[in-house]
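Q: Have a look at the structure that comes next, please.
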């Protein structure tokens with residue numbers, strides 16, 4: 001089964017970049033740097049909106065584990 005995209009527990013703000021990094025198998029620092037560069041290049045606004053949306057939409061890894069335990 002494929003790994004599900006979740007927020008990371010190793011977070012700086014909300015765990016979104018850390019969660020994406022864990023999902024694709026990259027270093028979280030690299031993902032955070034790429035996010036900042038892309039946000040600056042795109043004038044910051046679209047990147048901020050996407051981050052906030054992911055912050056709200058992405059489940060935490062704790063939520064997924066609780067759901068898995070309850071289904072067993």
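The values are calculated or read from the model by the stated rules, or taken from the named source; none is laboratory data. Remember, it's a predicted structure, so these values are computed and weren't measured experimentally. With ideal geometry, Cβ positions are generated from the backbone for all residues, glycine too; neighbour counts draw on all protein chains shown.
Q: In the range 14-25, which residue that is in contact (Cβ under 8 Å) with a residue 24 or more places away in the chain and assigned to a loop (DSSP other than H, G, I, E, B) is nearest to the chain's Cα centre (by Cα)?
A: It comes out as 15.
Q: In the range 1-29, what count of residues is obtained for those that are touching a helix residue (DSSP H, G or I) at 6+ places or on another chain (Cβ under 7 Å) and modelled with pLDDT of 90 or more?
A: Final tally of qualifying residues: 8.
Q: Looking at this structure, is residue 5 out of contact with any strand residue (DSSP E or B) (no Cβ under 8 Å at 6 or more places or on another chain) and touching a residue at least 24 places away in the same chain (Cβ under 8 Å)? Outline the logic, then answer.
A: Numbers: out of contact with any strand residue (DSSP E or B) (no Cβ under 8 Å at 6 or more places or on another chain): yes; touching a residue at least 24 places away in the same chain (Cβ under 8 Å): yes.
Here the answer is yes, as residue 5 does meet what is asked.
Q: I would also like to ask the following. Pairs, please: C-beta under 9 Å, at least 6 apart or cross-chain, first residue farther than 13 Å from residue 20 by Cα and in the range 43-55, second outside any helix (DSSP H, G or I) and at pLDDT 90 or above?
A: 52/14
Q: Among the residues of the range 42-57, are any modelled with pLDDT of 90 or more, touching a helix residue (DSSP H, G or I) at 6+ places or on another chain (Cβ under 8 Å) and not in a helix (DSSP H, G or I)?
A: No: zero hits.
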